[in-house]
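Accompanying notes for the structure given below.
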Amino acid sequence: MLGVIFDLDGTLLNTVPDLTTAANAMLAHYGARPVSERQVMDYLGHGLSVLVKRALPAEAMIDPIEALDVFNTQYAQVYRNQTHPYPGIIALVNELVARRIPVSVVSNKAQLFLDGLVALHFPDTPFMAVIGERTDLPRKPDPMGLLRAAQAMNTDPNSTILVGDTEVDAQAATNAGMRMVGVDWGFRPASALREAGVKTILASPQEMLELMNDYAIME
């Protein structure tokens, strides 16, 4: 049986506006310069703790653990304000469910925020697993979260597709023995994904369904 695992940030949802708002509120707390949405996009992929470390000025003597607490406090207030699904995403997920393809989400976003966003934007989607950053699982590119999702979907890794937008996703898929399908609407350009070894890159969510039809793996 085929299974599909989605990354969240940059794949299902455009979270950059709210992440930037929270990052700049954190930086303002320390009297530091704000960052742009483009900078935030470049900092993403390894979880919020890495985003915070990269956003902090190199010369500033700021404890990144304390800064992460400040960021999380700010993000908790705004993370559902401007975040939205990319065009065509809801239709894609609904069609996969209609075709009885098991779906999951594996993200490096903190579990609390991941759960909140999935509940808001996909309230009726029967995701078999929703796995974010938490203490009992290492972050991508470690394969453990992906393998746990495949287990929940009752799919073999080699018949599971990871849909993602970063080099971190590409490495995670390789580590898990899964196929990677990249998207070019996310946080990294298609050229970066190709350099990471991703051979299939979607220009739109609709292409995902066309791809799966081409492989004749739909019921």
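The values are calculated or read from the model by the stated rules, or taken from the named source; none is laboratory data. Predicted model only: the values in this text are computed from it and were never measured. So basically every Cβ, Gly included, is an ideal-geometry build from the backbone, and we count neighbours across all protein chains shown. The area values use the complete protein model at the heavy-atom level, side chains included, leaving out ligands, DNA and RNA. Shrake-Rupley method; radii C 1.70, N 1.55, O 1.52, S 1.80 Å.
Checking the conditions here, which among LEU44, LEU2, LEU51, LEU13 is over 27 Å from THR135 (Cβ atoms), open to solvent by less than 30 Å² (accessible area, probe 1.4 Å) and either within 14 Å of the chain's Cα centre (by Cα) or not charged (D, E, K, R) (or both)? Step through it out loud before you land on a result.
Working: LEU44 fails: over 27 Å from THR135 (Cβ atoms); LEU51 fails: over 27 Å from THR135 (Cβ atoms); LEU13 fails: over 27 Å from THR135 (Cβ atoms).
Answer to the check: LEU2.
Can you name every residue in region 26-47 that is within 25 Å of LEU8 (Cα to Cα), in a loop (DSSP other than H, G, I, E, B) and free of Cβ contacts under 8 Å to residues at least 40 places away in the same chain? Explain how you work it out, then say what you get.
So in region 26-47, the residues within 25 Å of LEU8 (Cα to Cα) come out as 26-27, 34-47.
Then keep just the ones that are in a loop (DSSP other than H, G, I, E, B); that gives 34-36, 44-47.
Those that are within 25 Å of LEU8 (Cα to Cα), in a loop (DSSP other than H, G, I, E, B) and free of Cβ contacts under 8 Å to residues at least 40 places away in the same chain: PRO34, VAL35, SER36.
Among (1) farther than 22 Å from GLY145 by Cβ; (2) crowded, with 19+ Cβ neighbours inside 10 Å, where does ILE65 come up short? The number of the failed condition is (2). Looking only at region 78-127, residues that are over 16 Å from ASP9 (Cβ atoms), out of contact with any Asp or Glu (no Cβ under 8 Å at 6 or more places or on another chain) and touching a residue at least 60 places away in the same chain (Cβ under 8 Å) come to 9 in all. The residues listed here are THR155, THR160; of these, the one that is touching a residue at least 40 places away in the same chain (Cβ under 8 Å), polar (S, T, N, Q) and in contact with a Leu (Cβ under 7 Å, 6 or more places away or on another chain) is THR155. Of all the numbered requirements in (1) open to solvent by 40 Å² or more (accessible area, probe 1.4 Å); (2) over 16 Å from the mean Cα position of the chain (by Cα), ALA23 misses one, and that requirement is (1).
The set of residues in region 51-71 being touching a helix residue (DSSP H, G or I) at 6+ places or on another chain (Cβ under 7 Å) and assigned to a helix (DSSP H, G or I) consists of LEU51, VAL52, LYS53, ARG54, ALA55, PRO64, ALA67, LEU68, VAL70, PHE71. Annotation note: of VAL70, VAL50, the sole residue that is within 28 Å of LEU137 (Cβ to Cβ), out of contact with any strand residue (DSSP E or B) (no Cβ under 8 Å at 6 or more places or on another chain) and free of Cβ contacts under 8 Å to residues at least 12 places away in the same chain is VAL50. Just one residue in the set GLU133, GLU219 is within 22 Å of ILE90 (Cβ to Cβ) and at pLDDT below 95; that residue is GLU219.
Take region 72-81 and flag every residue that is open to solvent by 40 Å² or more (accessible area, probe 1.4 Å), assigned to a helix (DSSP H, G or I) and not β-branched (Val, Ile, Thr).
First pass over region 72-81, keeping only residues open to solvent by 40 Å² or more (accessible area, probe 1.4 Å): 72-74, 76-77, 80-81.
Right, trim to assigned to a helix (DSSP H, G or I) and you get 72-74, 76-77.
Selection gives ASN72, GLN74, ALA76, GLN77.
Restricted to strands (runs of 3 or more DSSP E) entirely inside region 121-217, those with at least 1 residues that are among the β-branched types (Val, Ile, Thr) and open to solvent by 20 Å² or more (accessible area, probe 1.4 Å) are 130-133, 200-202.
Among what's in region 82-120 and is basic (Lys, Arg) and more than 12 Å from the chain's Cα centre (by Cα), pick the residue that is least open to solvent (accessible area, probe 1.4 Å). Outline the logic, then answer.
Taking region 82-120 as the starting set, the residues that turn out to be basic (Lys, Arg) are 99-100, 109.
Imposing the further condition that a residue be more than 12 Å from the chain's Cα centre (by Cα) reduces the set to 99-100.
On the way: ARG99: 60, ARG100: 179 Å².
Among those that are basic (Lys, Arg) and more than 12 Å from the chain's Cα centre (by Cα), it is ARG99.
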